[in-house]
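**Student:** Take a look at the following structure, please.
Every read-out reported here was derived from the displayed coordinates using simple, explicitly stated rules and does not represent laboratory data. Computed from a predicted structure; not experimentally measured. Ideal geometry is used to build each Cβ from the backbone, glycine not excepted, and the neighbour counts take in all protein chains shown.
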Amino acid sequence: MNQTEEKKKRRKGGRHIASLNLTVGVRYLLPLLIFLSFDILIQGHHEPGGGFVGGIVAASAIALYALSCGPHNARKLMRVSPRIFIAGGLTLALVSGCIPLFVGAPFLTGIWGGSDIPVIQSIGTPLFFDIGVYLLVIGVMMTFLLTLMEDV
Amino acid sequence: MAIKSMKPDRTTPLFGWLLSLIAWGFFFWLARFIRPVASGKTFLFSFSWAPSIGVDLSFYIDGLSLIFALLISGIGGLIFIYAGSYLSGKPLRGRFFLFLIAFMLSMLGLVMADNLILLFGFWELTSITSFFLIGFDHEKEESRSSAMQALIVTGAGGLCLLAGAILLAMVGGTPSLSELMTRGEMVRSHGLYLPILILILIGAATKSAQFPFHFWLPNAMAAPTPVSAYLHSATMVKAGVYLAARVNPILGTTPQWEYLVTGMGFVTMIIAAYLVLISSDLKRILAYSTVAALGLFMMLIGMGTAVALKAMILYLMAHAFYKAALFMIAGIIYHETGIRDAQGLGGLWRIMPITGIAALLALLSKSGIPPFVTFIGKEMVFEATLDSALSLLLTAGVFFVSVSFVVAAFLVGFGPFFKKMPDYGKKIHEVSFSFWIGPMVLSVLGIFWGIFNDRTGRWFVSPAASAIFGDEVNVHLALWHGVDIKLLLSGAAILLGILLYALWGRPFRRMIGWGEDRRWFGPEWGYGMLLDFIRMLSRWGGRILQNGLLHYYILFVIIGAIGIIGLPLLELNIKSLFLKGQSGTFYEIGLVIILLAGILQVVFSGSRIISIVGLGVVGYGMALLFLLFSAPDLAMTQFAIETLSVILLVLVILHIPRLTHHSSRLSRRVDAFFALSIGALITILVLMTAGLPEMGSVGSYFAENSYIKAHGRNVVNVILVDFRSFDTLGEITVLSVAAMGVYSLLRLRQEEKKR
């Protein structure tokens, strides 16, 4: 009786590892990893890193959370569906590519402005392109993972 | 989600009126060109688009494109108003209008494009938008297959057109139509003239439903009536006629042109006129009579004399007015009664007199009775055929077509209104103003341009005919030429048509032959056979290549790669690659040993989990190698990817049964052989790259300009988001499509499980 109830509960939350140590650990790791992924994304133009790696690191962090707390809670954490991340990322990349069209430059030309900004030094459309890649990678990876995990 | 949006749209017919403003905007903008164009001017608007491949956004306005553009935007405006009522309260109306507007814009682009490749682009856009419009009732099998048929036939023609256009641009030395028109002699005397001619004519014939491609048009009547009225009478099907007319100064006047175009038009016209007589569905009758009219236009273009071209333009105008009107009237009848069969209709005159008046006017116009512009047009057509070399044959053909037009006009415009009223089983009302205004305006225009025929000639016929003819054509239209053979022929055709209509019905149709349903020979049968054959072939190929066993998929990919990349390498002196004795450091050799151990574990372990761990070892080992050779970006990505893919694989593994060896020894040996071969191939390729100079010119360019031009010190990232960002954009698009694929496949399985 008790067992079947527990099974039901697990099925509701999707497949995950019910371990207290992991759950507590992830609670501290998650913000750190997300912060790290931001760092990798932002510094990527000058140091090793970039949107793709950053996105994968962020996706791994969320995946860790999903493994310990269940895909249902991971969805809650992301607030919007991973598919919105994909659409948003693709749109951002496209829009950043279209901006140069308004100043008469070809599609996807980098437009830069500002200087001496900490870490990134100057701000430009390739940065937004990279953020688009970042969001998209998170969306794609989480679409894979969450649909697989919910497939009980 | 799809079901939610199926709820009926509650907007009023005002919606159609509002959207028609788009069409009116174009119409009035174009109308300003009428006078300058009539005085012999032409306009060229050009914007640079892709100059490297010779494609510019260039639009050309002369007499020919102007009259088409005016018809498209003007009739478009009326159709929007009509469609607003026709689809009132139906679901997905917004989507319908989106496609309709997209179609109108592509059609306008098509008739005004000056660049051949641009013309092709718009040509394809009209095919695609018409696919969506024909298949608008996507829940009906008939709509879907008709839409597919129209797309396949016109799409295949489109490809021929593309080939012809490229050849023409090569031979003529420019893709610009307005420039090619001055180089006609050069193209006509070139060796590739005949292939160009045939390819372009196939394109025109599929679009304008010429025999043997005519069958898609009657089937396309599965579309909602506003679509039939717009696409399949007034605009899209005339695109082929437009194309033939447009290239006449370039490709025309040769004997090949005359035989092919005239012959094609003549055969189409006769067959379609016959099919009109044996059909009874209102929309099919109109569709076949449209095919006949298109054949007539083609024939006139093929004849290529000044009077034939004048007749073509005049008749084309008249046809657009009355045919769109008749289609809209057929739609009104169907909308109110739910019946489309001419035999089941009658007595509507007393119920809907206004629609009746519009129908009567359209009927008179189609029959070619003065003072309608059609009358002048028909007189002129007879004049052209009587002048030609084959006068007897062509005149007889046109006479037969005229008779069939009269029958069609009476079947649609007379029968439903004046025959005995059947029991409809429900109350029928006169339709609203926005419903009948379209056909009424068009019918009245038919009289208007007939009476003010002087303006018609000066403003439209003369500039357009001159553009096709390639030289000044003078036009003097008149309603009355005195009693001559043309008038007698016209009169006789009308009388004979009325007589045939009176006889029309079961006995008459049985008398003149086989019904429509007998189709076991002819082009449509051929189309069906071809399609079945392709389906069979793909099923057969699918069974072999895509048999659901991942193992085979990978095997085929590997064999393909070895075949394509490996075979040319056979001539290579492989020994020379190895001779550069390279030694490794302690770390490098250690890493390689770890990698090899990982691979052995993957291959020989008996458990999937252990294999995955082995794969992980290989992946992380590779990342360390990247690190050793100072590629931190690669190493970082590899580490991250490796972590994620181990998680992914573990999740996937939970779904598949335990590892058992169900493959035979032989097949495992074959696998081993191919695995080793692809490994060897990759090794050779890597060695070959290692033999290349340290950094090519591209590499040093990136390294030098990364900070100066792209404000970034990390060359790898700069390449990804700036220098090669277009590639990245493509890659992330592929990624998202893959994600959607995985999502929908897994979701589908989950839905199935739930059931």
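**Student:** From the alpha carbon gyration tensor of region A:17-151, can you work out the equivalent ellipsoid semi-axes (sqrt of 5 times each eigenvalue) and give them in Å, largest to smallest?
**Tutor:** Sorted largest first and rounded, they come to 32, 18, 9 Å.
**Student:** Could you give P(r) for the protein assembly as shown, binned at 10 Å from zero, as whole percent values over all Cα-Cα pairs?
**Tutor:** 2, 10, 16, 18, 16, 14, 12, 8, 4, 1, 0
**Student:** I would also like to ask the following. Would you mind checking the radius of gyration and Dmax of chain B based on alpha-carbon positions, in Å?
**Tutor:** 33.1, 109
**Student:** I've got another one for you. Note down the magnitude of the dipole of the protein assembly as shown about its Cα centre, charges +1 on Lys and Arg C-beta and -1 on Asp and Glu C-beta and zero elsewhere, to the nearest 20 debye.
**Tutor:** I would put it at about 3100 debye.
**Student:** Ok, one more. Considering chain A as a Gaussian network with a 10 Å cut-off on Cα pairs, which listed residue, A:LEU32, A:LEU41, A:LEU20, attains the greatest mean-square fluctuation?
**Tutor:** Of A:LEU32, A:LEU41, A:LEU20, the Gaussian network model singles out A:LEU20 as fluctuating most.
**Student:** Please give the FRET efficiency for B:TRP540 paired with B:ALA502, using the beta carbon to beta carbon distance and R0 = 56 Å, rounded to the nearest 0.05.
**Tutor:** 0.55
**Student:** Right, something else. May I ask you to derive the relative contact order of chain B, considering only C-alpha pairs under 8 Å and at least 6 residues apart, and to give it as an integer percent?
**Tutor:** 10 percent.
**Student:** Still on this structure, please answer the following. Cα centroid distance between region B:738-752 and region A:50-65, in Å?
**Tutor:** The distance from the Cα centre of region B:738-752 to that of region A:50-65 comes to 23 Å.
**Student:** For chain B, give the magnitude of the charge dipole about the Cα centre (Cβ charges: +1 Lys/Arg, -1 Asp/Glu; no others), in debye to the nearest 20.
**Tutor:** 2120 debye
**Student:** Next up: Mind giving me the FRET efficiency for B:SER46 and B:GLU751? R0 is 51 Å, r the Cβ-Cβ distance, nearest 0.05 is fine.
**Tutor:** 0.45
**Student:** Quick one: which residues, 5 or more positions from B:SER58 or on another chain, have an amide H under 5 Å from its amide H? H modelled 1.01 Å from N in the peptide plane, none for Pro or chain starts.
**Tutor:** It is B:PHE47, B:ASP114, B:ASN115, by chain and number.
**Student:** Sticking with this one: How large is the helix-only mean residue ellipticity at 222 nm for chain B, computed as the sum of -39500 (n - 2.57) over DSSP H runs with n ≥ 4, divided by its residue count, in deg cm²/dmol to the nearest 500?
**Tutor:** The helix-only estimate for chain B comes to -23000 deg cm²/dmol at 222 nm.
**Student:** Please report the projected area of region B:234-290's Cα convex hull averaged over all directions, in nm².
**Tutor:** Averaging across all directions leaves 4.2 nm² for the Cα convex hull.
**Student:** Next up: Helix A:2-13 versus the longest principal axis of chain A: what angle, 0 to 90°, nearest 10, using Cα atoms?
**Tutor:** Approximately 10 degrees, to the nearest 10.
**Student:** To the nearest 20 debye, what charge dipole does region A:17-151 have about its Cα centre, counting +1 at the Cβ of each Lys and Arg and -1 at the Cβ of each Asp and Glu?
**Tutor:** 400 debye
**Student:** Another question, then. Within region A:113-128, whose backbone N sits under 16 Å from a point 7 Å along Cα→Cβ of B:LYS709?
**Tutor:** What the label zone holds, given the 16 Å backbone N cut-off, is A:126.
**Student:** Continuing with the same structure: At A:LYS76 and A:LEU32, where each label point lies 7 Å from the Cα along Cα→Cβ, what is the point-to-point distance in nanometres?
**Tutor:** In this crude spin-label approximation the distance works out to 2.4 nm.
**Student:** Using the alpha carbon gyration tensor of region B:188-267, what are the three equivalent-ellipsoid semi-axes (square root of 5 times each eigenvalue), largest first, in whole Å?
**Tutor:** Ellipsoid semi-axes (Å, largest first): 28, 12, 9.
**Student:** Evaluate E = 1/(1 + (r/R0)^6) for B:ARG350 and B:ASP137, where r is the Cβ-Cβ distance and R0 equals 30 Å; express this FRET efficiency to the nearest 0.05.
**Tutor:** 0.45
**Student:** Further, regarding this structure: Inside 10 Å of the C-beta atoms of B:715-728, what's the mean count of C-beta atoms belonging to other chains?
**Tutor:** Across B:715-728, the average partner-chain Cβ count within 10 Å equals 6.
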